[in-house]
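Heads up, the thing below is written out as structure tokens.
The values are calculated or read from the model by the stated rules, or taken from the named source; none is laboratory data. Predicted model, so just to flag it, every value in this text is computed and none were measured. Note: ideal-geometry Cβ built from the backbone for every residue, glycine included; neighbour counts use all protein chains shown.
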Amino acid sequence: MAGTTGLDWDRVFLMNRPPRVAFVSLGCAKNTVDSEKMLGQLAEAGCEFCADERDADVVVVNTCGFLEDSRREADQVIGELVGVKRSRKSRLRRVVVAGCLVQRDGTQISDRVPGIDALVGVHNRDDVVRAVLNRGPKKRELNTFLGDYHPFVNIDTARLRITPQHWAYLRISEGCDQKCTFCTIPSIRGPMHCKPPSVILAEARELIADGAVELSLIGQDTSSYGLDFDYEPGLAGLLRELNALDGLAWIRLMYVYPSVFSDAMIDAIAECDKIVKYVDIPLQHINDRVLKAMHRRVTRAETIDLLERIRRRIPDVNLRTTLITGFPGETEAEHQELLEFLRDYRFDALGVFPYSLEPDTPAGRMQNQLDAETKLRRREELMLTQQEIAFAKADATRGKTFEVLVDTHAGKDGLQVARHAGQAPEVDSITVLSGARAAAGSFVRVRCTGRQDYDLLAEPASIALPTLC
């Protein structure tokens with residue numbers, strides 16, 4: 001088999017050896033769900049998994065194609081794996097590339113990185129088994145599984161999860177209708193289409209049965225949930241239905257679009273005991289001219305009114321946002337306006353992305369594109385401003401008690417990674433817990449003892465404070 005460009009799977013199965021598959025998952029939380037679903041399908045097909053691609057027969061790379069940096073990373077990873085395949089010391093004989101980059105670039109990927117054996121687009125996710133088992137139309141040539149957008153939603157049951165057992169992502173919708181001028185998602189993932197509530201509830205119950213006590217709700221635009229099929233209760237109604245499920249402790253809302261985030265949604269978060277008081281609301285900017293150029297469908301005044309309503313109606317809410325700096329034509333005065341906005345509204349967590357020029361987007365065709373140095377300088381200024389805010393908030397937490405969800409078992413040093421309700425997995429800071437030795441997935445009442453950079457330090461609240469002499 002070492003001399004072939006593909007694998008004779010009939011021969012492999014006749015040898016009573018299941019094919020070994022290594023899997024690389026790149027990109028966002030939505031990609032993580034796709035990766036888990038593909039892993040589940042491959043497991044059902046009889047594949048065996050291994051961590052080292054040199055010990056695998058096939059490697060699958062689920063790619064991100066959203067930004068230039070992510071595409072560059074994917075090309076590098078794929079190129080390295082093709083190199084492993086060509087090595088005589090490796091058993092790897094097949095490289096399958098899936099995901100957003102495939103949907104975006106198609107067979108151009110194999111032109112850039114020769115040696116790929118199969119391509120699987122996001123709308124053909126369920127063809128990953130055929131791609132891995134070399135059951136495409138031409139076994140010795142590049143197998144392509146590339147289809148156009150389809151209006152039905154992929155079902156994400158029977159996932160082989162790569163997140164810890166006690167928390168999981170729950171995708172409620174796919175695609176987006178907002179048409180922001182900088183974004184490639186609609187051209188890759190298509191228009192927004194939502195899962196019916198019954199499907200979401202069934203997936204949630206399956207995840208709970210698998211041990212999840214925390215679910216993070218994701219989609220390109222979660223606040224528009226139900227608009228595509230005239231679901232009158234909308235996101236607020238879905239949140240209330242999820243809140244009624246047994247076995248869940250925390251439900252977290254991610255990727256809220258500001259122009260359609262209603263008072264009913266805010267009230268559902270405030271009133272439902274399992275919905276953590278946390279809102280991830282990417283704002284991207286605050287200047288009216290920039291917001292209009294981005295086609296964000298919201299103004300500065302509307303944004304500020306929304307933030308004030310959220311904070312007024314949800315006491316002690318944690319607000320997370322993301323910003324884009326260096327958008328085409330952004331002036332120094334508009335950048336300073338954004339800095340002042342951050343100082344005034346003091347977000348609990350923040351991410352900043354330098355604008356990435358995407359040629360196929362309206363923003364990519366705009367004049368007055370800014371140079372990389374300016375974008376990086378402005379990003380640093382925004383992040384340093386947020387750092388002061390984050391450090392001050394963390395310092396103010398010292399001595400307070402709160403509940404955390406433990407993410408890891410205790411190491412030799414007795415330390416464990418944990419998170420309070422305002423810390424989303426994978427994107428926010430953490431709470432470093434000492435002296436607890438609690439099981440991963442359990443909840444512990446803790447007292448904050450200080451901070452280490454952005455992260456909080458804590459110990460069980462049951463431990464008595466030292467007596468001051």
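Structure notes:
- The residues listed here are ALA204, ALA168, ALA158; of these, the one that is over 17 Å from the mean Cα position of the chain (by Cα) and closer than 20 Å to ASN243 by Cβ is ALA204.
- Matching residues, segment 86-105, being among the polar types (S, T, N, Q) and farther than 21 Å from CYS50 by Cβ: GLN103
- When the residues of segment 417-444 are filtered to those that are touching a Pro at 6+ places or on another chain (Cβ under 7 Å) and touching a residue at least 24 places away in the same chain (Cβ under 8 Å), the one that is nearest to GLY27 (Cα to Cα) is ALA440.
- Matching residues, segment 61-100, being part of a helix (DSSP H, G or I) and of a type in the set (Ser, Thr, Tyr): SER70
- For segment 329-364, a residue qualifies if it is within 14 Å of ARG289 (Cα to Cα) and in contact (Cβ under 8 Å) with a residue 24 or more places away in the chain, and the qualifying residues are GLY329, GLU330, GLU334, HIS335, GLU337, LEU338, ALA363.
- Test: PHE353 is more than 30 Å from ALA249 (Cα to Cα), among the aromatic types (Phe, Trp, Tyr), part of a strand (DSSP E or B) and touching a strand residue (DSSP E or B) at 6+ places or on another chain (Cβ under 9 Å): yes
- Looking only at segment 428-449, and only at residues there that are in a strand (DSSP E or B) and aliphatic (A, V, I, L, M), the one that is farthest from ALA394 (Cα to Cα): VAL444
- The condition (being in the same structural domain as HIS295 (by TED's automatic domain parsing), assigned to a loop (DSSP other than H, G, I, E, B), of a type in the set (S, T, N, Q) and at pLDDT 95 or above) is satisfied by just one residue among GLN386, GLN369: GLN369.
- Condition check for TYR355: within 30 Å of ILE269 (Cα to Cα) and among the aromatic types (Phe, Trp, Tyr): no
- Only one of the listed residues (ALA74, ALA98) is closer than 15 Å to PHE23 by Cα and in contact with a Leu (Cβ under 6 Å, 6 or more places away or on another chain). That residue is ALA74.
- Boolean, GLY147 is closer than 30 Å to LEU133 by Cα and in a loop (DSSP other than H, G, I, E, B): yes
- Those helices (runs of 4 or more DSSP H) of segment 196-314 in which 3 or more residues are touching a Lys or Arg at 6+ places or on another chain (Cβ under 9 Å) and among the acidic types (Asp, Glu) occupy 263-271.
- So ALA333, is it over 27 Å from ARG447 (Cα atoms), assigned to a helix (DSSP H, G or I) and among the small types (Gly, Ala, Ser): yes
- Conditions (1) of a type outside the set (Gly, Ala, Ser); (2) loosely packed, with under 15 Cβ neighbours inside 10 Å; (3) without any contact (Cβ under 8 Å) to a residue 60 or more places away in the chain; (4) in contact with a Phe, Trp or Tyr (Cβ under 9 Å, 6 or more places away or on another chain): number failed by ASP127: (2)
- Taking residues in segment 252-281 that are among the basic types (Lys, Arg), and partners anywhere that are surrounded by fewer than 16 Cβ atoms within 10 Å (Cβ to Cβ), the pairs with Cβ atoms closer than 7 Å and at least 6 places apart or on different chains are LYS277/ASP316.
- Filtered by the rule that a residue be free of Cβ contacts under 8 Å to residues at least 40 places away in the same chain and over 15 Å from ASP288 (Cβ atoms), segment 300-314 gives LEU307, GLU308, ARG311, ARG312.
- Any hit, segment 51-60, residues being surrounded by fewer than 16 Cβ atoms within 10 Å (Cβ to Cβ), assigned by TED's automatic domain parsing to the domain that holds PRO18, assigned to a loop (DSSP other than H, G, I, E, B) and not charged (D, E, K, R): yes
- Test: residue in segment 323-337 that is closer than 26 Å to LEU227 by Cβ, assigned by TED's automatic domain parsing to the domain that holds ARG379, in contact with an Asp or Glu (Cβ under 7 Å, 6 or more places away or on another chain) and of a type outside the set (Asp, Glu): no
- Residue match in segment 397-416 (condition: assigned to a helix (DSSP H, G or I) and either touching a residue at least 24 places away in the same chain (Cβ under 8 Å) or touching a strand residue (DSSP E or B) at 6+ places or on another chain (Cβ under 8 Å) (or both)): yes
- Of the residues screened, ARG189 is one that is in the same structural domain as THR325 (by TED's automatic domain parsing) and either of a type in the set (A, V, I, L, M) or closer than 24 Å to PHE66 by Cα (or both).
- Test set (1) of a type in the set (D, E, K, R); (2) within 19 Å of PRO19 (Cβ to Cβ); (3) surrounded by 14 or more Cβ atoms within 10 Å (Cβ to Cβ) - GLU44 fails condition number: (3)
- Identity of the residue in segment 335-382, among the small types (Gly, Ala, Ser) and surrounded by fewer than 18 Cβ atoms within 10 Å (Cβ to Cβ), that ends up farthest from THR303 (Cα to Cα): ALA372
- Summed over segment 268-295, residues that are in contact with a strand residue (DSSP E or B) (Cβ under 6 Å, 6 or more places away or on another chain) and either exposed (fewer than 15 other Cβ atoms within 10 Å of the Cβ) or of a type outside the set (A, V, I, L, M, F, W, C) (or both) total 5.
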